[in-house]
Amino acid sequence: MGNTAERSLCLAYAAFTVQRLLTQIEPAVILRGSESVGVAVGFDSGDFLLVGRLRADGLTPIGGSPDAEPRDTPDRGRKAGSGR
(Lines give C-alpha, C1' and ligand atoms only; values in the text may rest on other atoms or scores of the structure.)
Protein backbone atom coordinates (compact mmCIF):
# COMPACT_ATOMS: atom_id res chain seq x y z
CA MET A 1 0.00 0.00 0.00
CA GLY A 2 2.72 2.44 0.95
CA ASN A 3 0.40 4.88 2.72
CA THR A 4 -0.27 5.92 6.32
CA ALA A 5 -3.11 3.43 6.74
CA GLU A 6 -0.96 0.38 5.99
CA ARG A 7 0.46 -0.21 9.51
CA SER A 8 -2.87 0.47 11.22
CA LEU A 9 -4.70 -1.84 8.84
CA CYS A 10 -2.14 -4.61 9.36
CA LEU A 11 -2.36 -4.31 13.16
CA ALA A 12 -6.15 -4.32 13.12
CA TYR A 13 -6.30 -7.34 10.83
CA ALA A 14 -3.76 -9.21 12.97
CA ALA A 15 -5.78 -8.45 16.12
CA PHE A 16 -9.00 -9.62 14.45
CA THR A 17 -7.30 -12.80 13.21
CA VAL A 18 -5.80 -13.68 16.61
CA GLN A 19 -9.13 -13.01 18.33
CA ARG A 20 -10.89 -15.27 15.83
CA LEU A 21 -8.30 -18.03 16.14
CA LEU A 22 -8.66 -18.01 19.91
CA THR A 23 -12.36 -18.84 19.50
CA GLN A 24 -11.44 -21.91 17.45
CA ILE A 25 -9.17 -23.67 19.95
CA GLU A 26 -9.46 -24.76 23.54
CA PRO A 27 -7.94 -22.08 25.84
CA ALA A 28 -5.95 -24.76 27.71
CA VAL A 29 -3.74 -25.15 24.62
CA ILE A 30 -2.47 -21.61 25.17
CA LEU A 31 -2.83 -21.37 28.96
CA ARG A 32 -0.78 -24.51 29.70
CA GLY A 33 -1.68 -24.41 33.40
CA SER A 34 -1.73 -20.62 33.85
CA GLU A 35 -4.85 -18.94 35.20
CA SER A 36 -4.80 -16.30 32.45
CA VAL A 37 -2.54 -14.76 29.81
CA GLY A 38 -2.51 -11.40 28.10
CA VAL A 39 -2.97 -11.42 24.35
CA ALA A 40 -1.32 -8.79 22.14
CA VAL A 41 -0.30 -8.44 18.50
CA GLY A 42 2.29 -6.14 17.03
CA PHE A 43 5.39 -5.41 15.02
CA ASP A 44 8.94 -6.03 16.20
CA SER A 45 9.49 -2.27 15.85
CA GLY A 46 7.26 -1.69 18.87
CA ASP A 47 3.77 -0.88 17.57
CA PHE A 48 1.23 -3.20 19.19
CA LEU A 49 -2.42 -3.66 20.14
CA LEU A 50 -3.68 -5.37 23.26
CA VAL A 51 -6.38 -7.86 22.29
CA GLY A 52 -7.55 -9.11 25.67
CA ARG A 53 -7.06 -11.63 28.45
CA LEU A 54 -7.47 -15.34 27.81
CA ARG A 55 -8.82 -17.46 30.67
CA ALA A 56 -10.07 -21.03 30.79
CA ASP A 57 -13.59 -19.80 30.01
CA GLY A 58 -12.57 -17.70 26.99
CA LEU A 59 -11.22 -14.36 25.81
CA THR A 60 -12.18 -11.12 27.59
CA PRO A 61 -11.54 -8.14 25.30
CA ILE A 62 -9.45 -5.22 26.58
CA GLY A 63 -11.68 -2.56 28.09
CA GLY A 64 -13.95 -5.14 29.65
CA SER A 65 -14.15 -5.60 33.39
CA PRO A 66 -11.81 -8.26 34.82
CA ASP A 67 -14.96 -9.98 36.06
CA ALA A 68 -16.74 -9.65 32.71
CA GLU A 69 -18.04 -12.72 30.98
CA PRO A 70 -15.82 -13.91 28.13
CA ARG A 71 -16.84 -13.11 24.61
CA ASP A 72 -19.70 -15.36 23.54
CA THR A 73 -19.02 -16.73 20.08
CA PRO A 74 -20.99 -19.28 18.08
CA ASP A 75 -17.80 -21.26 17.36
CA ARG A 76 -16.96 -21.94 21.01
CA GLY A 77 -16.30 -25.57 21.64
CA ARG A 78 -15.97 -26.47 17.99
CA LYS A 79 -13.17 -28.90 17.30
CA ALA A 80 -10.64 -28.02 14.64
CA GLY A 81 -11.39 -29.67 11.34
CA SER A 82 -14.95 -30.64 12.26
CA GLY A 83 -16.45 -28.31 9.65
CA ARG A 84 -19.43 -27.69 11.88
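The values are calculated or read from the model by the stated rules, or taken from the named source; none is laboratory data. On a predicted model such as this, the values are computed, not experimentally measured, just so you know. Positions of Cβ are backbone-derived with ideal geometry, glycine not excepted, and every protein chain shown enters the neighbour counts.
The figures follow:
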| item | result |
| --- | --- |
| Hits in the range 18-35 (condition: free of Cβ contacts under 8 Å to residues at least 12 places away in the same chain and part of a helix (DSSP H, G or I)) | 20, 21, 29 |
| Residue under evaluation residue 57, criteria (1) of a type in the set (Asp, Glu); (2) at pLDDT 90 or above; (3) surrounded by fewer than 10 Cβ atoms within 10 Å (Cβ to Cβ), criterion not met | (3) |
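The rows are residues; the columns are (1) out of contact with any Leu (no Cβ under 8 Å at 6 or more places or on another chain); (2) at pLDDT 90 or above; (3) in a helix (DSSP H, G or I).
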position	(1), (2), (3)
13	yes, yes, yes
37	no, yes, no
50	yes, yes, no
53	no, yes, no
65	yes, no, no
70	no, no, no
74	yes, no, no
80	yes, no, no
84	yes, no, no
